[in-house]
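All remarks here apply to the structure that follows.
The values are calculated or read from the model by the stated rules, or taken from the named source; none is laboratory data. Just so we're clear, the structure is a prediction, and the values are computed from it rather than from any experiment. Cβ placement follows ideal geometry from the backbone for every residue including glycine, while neighbour counts extend to all protein chains displayed. In case anyone asks, the SASA skips ligands and DNA or RNA and just uses the protein heavy atoms, side chains included. Shrake-Rupley method; radii C 1.70, N 1.55, O 1.52, S 1.80 Å.
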Amino acid sequence: MSSIKIECVLRENCRCGESPVWEEASSSLVFVDIPAKKVCRWDSLSKRVQQVTLDAPVSSVALRQGGGYVATVGTKFCALNWEDHSAVALASVDEDKRNNRFNDGKVDPAGRYFAANRRSIYKLEKEEQIPDGMCIDVEGKLWVACYNGGRVIRLDPETGKRLQTVKLPVVKTTSCCFGGKDYSEMYVTCARDGMDPEGLLQQPEAGGIFKITGLGVKGIPPHPYAG
């Protein structure tokens with residue numbers, strides 16, 4: 001197996017970075033900062049970051065087949081136009097339920113955008129960590145970022161067996177995706193909300209974007225929303 005390398009490629013100080021997705025056409029990583037109400041795009045070539053700020057917490061972002069992006073903003077599915085920073089609602093759910101919002105979302109192979117709200121939380125009591133965002137590699141194995149666990153783990157979805165663990169220098173790891181040339185790199189988002197000053201001193205890269213290389217396995221391109 002290759003030698004694993006972990007690098008903080010962007011010290012963005014996200015309050016809660018989530019939903020990373022690789023955009024091959026622009027060699028960029030697109031992700032969100034949920035409580036900051038931002039969608040961010042990091043150009044891996046120029047190393048520059050662009051941001052769009054919306055009017056509600058934005059919990060996930062996905063590529064759109066016809067160009068641009070779609071995002072879950074508050075309780076709405078929205079089309080996001082990066083050029084003019086506009087968001088147009090495509091559908092809205094649970095408008096009558098206060099303090100509710102989407103928590104995560106992803107596009108399936110059929111081009112459908114699925115999203116979950118905040119009313120269901122699953123916790124791993126044994127290790128005091130919460131399984132959060134995930135992705136799949138070319139071998140069909142599942143990679144899961146463990147919130148409060150400071151790691152991503154590789155699982156066999158058929159047996160549930162843990163195949164690999166990669167520890168990061170931050171505790172609040174939130175999600176992961178494959179990207180880069182030939183999808184051999186893994187990108188991991190994390191959070192800094194809820195950390196005390198001492199914790200932030202010990203983890204100065206909390207809220208940043210991490211790149212992991214040398215995993216010995218590649219990922220698959222993200223599915224774009226077909227709408």
- The size of the Cβ-based charge dipole (Lys, Arg +1; Asp, Glu -1) of the chain about the Cα centre, to the nearest 20 debye, is 180
- Item | Entries of K5/K181; K38/K106; K47/K141 with Cα pairs more than 24 Å apart | K47/K141
- Note on the structure: Cα-Cα pairs in the range 148-227 separated by more than 14 Å, as a whole percent of all pairs, come to 66
- Query: Share of the range 14-69's accessible area from carbon and sulfur, percent, 1.4 Å?
  - Reply: 44
- Query: Going from most exposed to least, what order do R112, R151 have by accessible area with a 1.4 Å probe?
  - Reply: R112, R151
- Taking alpha-carbon centroids only, the range 157-222 lies from the range 58-117 a number of Å equal to 23
- If the viscosity is 1.306 mPa s and the temperature 10 °C, what translational diffusion coefficient in µm²/s does Stokes-Einstein give for the range 1-95 when Rh comes from Kirkwood over Cα pairs? 113
- Quarter of the Cα convex hull surface for the chain, i.e. its orientation-mean projected area (nm²): 12.9
- Query: Roughly how many percent of the accessible protein surface of the range 162-208 is carbon and sulfur, given a 1.4 Å probe and a whole-percent answer?
  - Reply: 51
- Query: Given labels modelled 7 Å from the Cα in the Cβ direction, how far is it in nm from K47 to A116?
  - Reply: 3.7
- the chain, accessible area per residue, ligands and nucleic acids excluded (1.4 Å, Å²): 51
